[in-house]
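Below is one structure, written out as structure tokens, with a few remarks after it.
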Amino acid sequence: MMNKKAIFYLLILFFTIGIFQSCDKDYGDAPPEINILWPNAHKSFTFEDTIKVQVEVKDKYVVKTVSIALVDQNRVLVLPKQSFEIDRKEKYIEAKMLLNNVNMHSDTYYIHLEATNGVAKVTKLLPIKYSAKDMQIMGLLAITKVDNNNVEIKLLDTVSEISSFTNFNVDYLTSSLSSKYSKLIISGEKHADFHAIDLNTKETEWTILNLSNGDMPYFTNLHTNENRIFVGIRPSKLLEYTWDGSKMHSYNIVRDCNVNKTLNFQNRILIQTTDILGGGKRLLQFYQASSELVTQHTTNIVVVDWFWDGERVLVFSTNGNYSSIQKYNYTNSQFTSIHNINNLIKRVIQINNTDFIIATENQIMLYKNGINQSLNSILDIDAVEKMLYEPISESLFLSQNNKLLQYSYPELMLKNEFDFGNEILDIHLWYNR
């Protein structure tokens, strides 16, 4: 039998252990700490400035994830969220946000920071002042086909007049336009070179030579963003350039394949390839400016377009006679199905952070991304090849062969119809900045 004194000390021991466990549990439920190093509150920015967000996060046990975004006064995203997986007790993080959303007005916006330790999370909002510059549209440039080796670039100006802008000798593959750098890129395929054209002088500033051997395609894919150009070439290579023509990196792909689709996000490069022999398709992932292949796996889908939504890669694809919208988790290479479409997706454009316009073989659909995902048909129309959304006039442009249709958005009332004379291969909006 235990005496009273022993029982007393035993009770004291249990009580002490309980206190320590309770303290640990309380601390474990406490959220991480966020220390914002830069920018300062209420710092002023303007269009096309880059905000360099610098933060320190720490937790007694572990910080699991951190996210950084820009939101308006209603806490609506105006720039995509950037997510970081930490799994450390403390970490210094630096994120860059380019203020290139043309729908932002002069106002106070908030850098939205969130950190979690897996049990509790903390949110911080840092106000910044944003001054919008007056953006003006210079016109719409249409790449039109003269014949298999020649294109004519035509300008639809602000008073709805069509005129010849310039001509180019090229077996056309693809093109892209940067208003920021006042450049138009045109890529040949089997014979012509890759040209970067100054929109003000209409002269070629720099080129990538076409090194095709025989009648095989040399250039296979083009992907651009605000500051980079990614060019797929044969055989099995992706080149990274700045808009002034400086070559930054070359990504080598082991197998003999063509680069079909490229996406740059979160300092990563995601590529879909097609094997030259057999036609098998794969998804490959690199770190940007690194030759290390992070992941690769086979897939049956053909990516029509894809977008980074702040958390996952939103993928619009076809597979046989049907199409699908999926989310791709780049950390574990898993797809999550969202919608299936009993028709082939031909083109996708992004209107804002949540709205995506999809052109199928016989209709235009609106997909709303986010918590309440929805997909609805909004316009019955056949044979749409190219699409653009112009935010100043709130217009949706759709091309059909040699015609360009202008609809109001979101009302979708037909406003204008333009005839360019030749087949429209691509369309680009040109702004003063």
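Taking GLN285 as the residue in question, decide whether it is of a type in the set (S, T, N, Q), over 28 Å from LEU379 (Cβ atoms) and assigned to a strand (DSSP E or B). The answer is yes for GLN285. Looking across region 51-81, the residues that are of a type in the set (Val, Ile, Thr) and either more than 19 Å from ASP107 (Cα to Cα) or surrounded by 13 or more Cβ atoms within 10 Å (Cβ to Cβ) (or both) come down to ILE51, VAL53, VAL55, VAL57, VAL62, VAL63, THR65, VAL66, ILE68, VAL71, VAL78.
Of all residues in region 238-264, those satisfying the criterion of being among the hydrophobic types (A, V, I, L, M, F, W, C) and within 17 Å of GLN296 (Cβ to Cβ) are LEU238, ILE253, VAL254, CYS257, VAL259, LEU263. If you check LYS202, LYS145 for being under 30 Å from ASN101 (Cβ atoms) and not hydrophobic (A, V, I, L, M, F, W, C), only one passes: LYS202. When region 181-213 is limited to residues that are of a type in the set (Ser, Thr, Tyr) and assigned to a loop (DSSP other than H, G, I, E, B), the one that is surrounded by the most Cβ atoms within 10 Å (Cβ to Cβ) turns out to be SER182.
Out of ASP305, ASP309, report the one residue that is out of contact with any helix residue (DSSP H, G or I) (no Cβ under 9 Å at 6 or more places or on another chain), acidic (Asp, Glu), closer than 27 Å to GLU394 by Cβ and modelled with pLDDT of 95 or more. Criteria check complete, one pass: ASP305. With respect to the conditions (1) farther than 19 Å from TYR172 by Cα; (2) in a strand (DSSP E or B), PHE230 falls short on a single one, namely (1). For region 360-398, the set of residues classified as crowded, with 18+ Cβ neighbours inside 10 Å, part of a strand (DSSP E or B) and in contact (Cβ under 8 Å) with a residue 60 or more places away in the chain consists of LEU388, PHE397, listed by residue number. List every residue pair whose Cβ atoms lie under 7 Å apart, where the two residues are 6 or more positions apart in sequence or sit on different chains, the first residue falls within region 177-194 and is in the same structural domain as ASP147 (by TED's automatic domain parsing), and the second residue, located anywhere, is at pLDDT below 90 and among the aliphatic types (A, V, I, L, M). Taking only residues 6 or more apart or on different chains, the pairs are LYS190/MET216.
The values are calculated or read from the model by the stated rules, or taken from the named source; none is laboratory data. Since the structure is predicted, the reported quantities are computational estimates derived from the model, not experimental observations. So basically every Cβ, Gly included, is an ideal-geometry build from the backbone, and we count neighbours across all protein chains shown.
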